[in-house]
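The values are calculated or read from the model by the stated rules, or taken from the named source; none is laboratory data. Predicted, not measured: the structure shown is a model, and the values here were computed from it. Every residue, glycine as well, gets a Cβ built from its backbone with ideal geometry; the counts of neighbours run over all protein chains shown. In case anyone asks, the SASA skips ligands and DNA or RNA and just uses the protein heavy atoms, side chains included. Shrake-Rupley method; radii C 1.70, N 1.55, O 1.52, S 1.80 Å.
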Amino acid sequence: MFWIKNLVRISQTTSSVGNLLRNSESYTLSSRFCTALQQQQQQQSETVHATEVVNGLEQQQQQQQHGYEGLAPTKEGEKPRLLVLGSGWAGCRLMKGIDTSIYDVVCVSPRNHMVFTPLLASTCVGTLEFRSVAEPISRIQPAISREPGSYYFLANCSRLDSQNHEVHCETVTDGLSTLKPWKFKIAYDKLVLACGAEASTFGINGVLENAIFLREVHHAQEIRRKLLLNLMLSEVPGLGGEEKKRLLHCVVVGGGPTGVEFSGELSDFIMKDVRQRYAHVKDDIRVTLIEARDILSSFDDGLRQYAIKQLNKSGVKLVRGIVKEVKPQRLVLDDGTEVPYGLLVWSTGVGPSSFVRSLDLPKDPGGRIGIDEWMRVPSVQDVFAIGDCSGYLESTGKSTLPALAQVAEREGKYLAKLLNVMGKAGGGRAWSAKDTELGEPFVYKHLGSMATIGRYKALVDLRESKQGKGISMGGFLSFFIWRSAYLTRVVSWRNRFYVFINWITTFVFGRDTSRL
């Protein structure tokens, strides 16, 4: 007990002394602590600011360096470099056929895949999945991902310096908020311009802002999301009758094969899937196809009349007229008629891209890059052009070939053989092909035209011209030929399997209406 009492006394004394010390020095200690803390925070902020400044300077230095960095000219002992701008039908067929034991292949394109455009319309309504029509470049030409001197760059070409055999490029990013694009340059021995074309708007106001094109996979994805969104919004209570009709009105401008095939796929989707899964609005959804002249002008009159008859049976309304203006919810025709729409798809052909127009190269009458019979650009050395971006010069006496996939593919195949011959003859390097024998010039032979019009019907015209002899028919057998032909033309066995399975799945279970 005695030691417990002493302990209590000591504790009380200690606590009282502590209270006195705290009362007398609490302000001084806290002030010192706060001052030290503020000084530490200030030092940290200054350090962070200095670090940010240093990082900013490093980023600026890196950006400046990127503006001058790139692939240097090839040296003796290295393979000559073949630079391909574009990953469309022409460019990919060229890369597939090039001999990579002779050339290092470098591809520059804003997309890392080729789009199988004849089946693109089927992806808009769920007949096919999007990946079924996209073929990675690395599968088309494996050397790009394996060989040390071959590359693929996700970029756009901004300038061509043909005198120094250089191309200036700028990377493609998801936006400035994620990563700022930077510039680089590539020296080439042989350059192939296969950058394609862009959709023609004919200078009509509002097309770029309100219409959706059908040339890329992301276009098909946008069409699908917009179509399904309008279907779901049309069932919301309180929506007016006129607004519901507008949302469910799908307008297609352009009566070529792409516009007609999309209209046929859309009418199939409405008749077989919408009427089952959107029963409340099945009688309000409609499709209108607007064309200034005759639809499917490349086919003969008999097949065109058959297509018109089948489209009318499918519920597609055909309107002849010229679009003068496109507003956010309606378009205006040349006669003053206003057509309201919920979905507007623009498919009126293609024209030269802004990059092609900016090139200081000779042009054909349509504004494309001018070429001779060997796909060369005559005014510059070691530059070739194929596909939709090119056309024959007037001096050749030949008319420009149509912007078709089979034309681009044939040109790519021909140029690959020509470059292989030049490389084996020692003309693969820059400025070394002047005396090389080029062989036979390119000759195009039309293999025919095909188009699906919905309801398991299609058109097949295998004649070289409308006046020529050959197979020309429409119906279910044509539809079977159409599917068989395109299934064999899909680039890889992987995608052929995807397409075949998608067709079977759609036939048995219907199209998927999920909005992802």
Q.
So, restricting to helices (runs of 4 or more DSSP H) that lie completely within the stretch 194-288, which ones have at least 2 residues that are free of Cβ contacts under 8 Å to residues at least 24 places away in the same chain and closer than 18 Å to Ser514 by Cβ?
A. 217-233
Q: Give the residue, chosen from Ser484, Ser472, that is in contact with an Asp or Glu (Cβ under 6 Å, 6 or more places away or on another chain), within 27 Å of Leu296 (Cα to Cα) and hydroxyl-bearing (Ser, Thr, Tyr).
A: Ser472
(Q) Going through Gly349, Gly366, Gly391, Gly315 one at a time, which residue ends up being over 30 Å from Ser472 (Cα atoms) and either without any contact (Cβ under 8 Å) to a residue 40 or more places away in the chain or of a type outside the set (Lys, Arg) (or both)? (A) Gly366
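Output the residue which, of all residues in the stretch 124-148 that are among the basic types (Lys, Arg) and surrounded by fewer than 16 Cβ atoms within 10 Å (Cβ to Cβ), is farthest from Val491 (Cα to Cα).
By that ranking, first place goes to Arg146.
Between Thr505, Thr436, Thr513, which is under 21 Å from Ala385 (Cα atoms) and surrounded by fewer than 19 Cβ atoms within 10 Å (Cβ to Cβ)? Don't jump to the end; show me each part of the working.
Working: Thr505 fails: under 21 Å from Ala385 (Cα atoms); Thr513 fails: under 21 Å from Ala385 (Cα atoms).
The unique qualifying residue is Thr436.
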Q.
surrounded by fewer than 19 Cβ atoms within 10 Å (Cβ to Cβ), without any contact (Cβ under 8 Å) to a residue 60 or more places away in the chain and among the polar types (S, T, N, Q): which single residue out of Ser492, Ser465, Ser478 fits that description?
A. Ser465
Q: State all residues of the stretch 394-417 that are over 28 Å from the mean Cα position of the chain (by Cα) and either modelled with pLDDT of 95 or more or not in a loop (DSSP other than H, G, I, E, B) (or both); if no residue qualifies, say none.
A: Glu394, Ser395, Thr396
(Q) Need the failing condition index for Asn156 against (1) polar (S, T, N, Q); (2) open to solvent by less than 10 Å² (accessible area, probe 1.4 Å); (3) within 24 Å of Ala416 (Cα to Cα), just the number. (A) (2)
Q | Filtered residues of the stretch 189-242 (kept if of a type in the set (D, E, K, R) and either open to solvent by 20 Å² or more (accessible area, probe 1.4 Å) or over 30 Å from Gly149 (Cα atoms) (or both)) | A | Glu198, Glu209, Arg215, Glu216, Glu222, Arg224, Arg225, Lys226, Glu235, Glu242
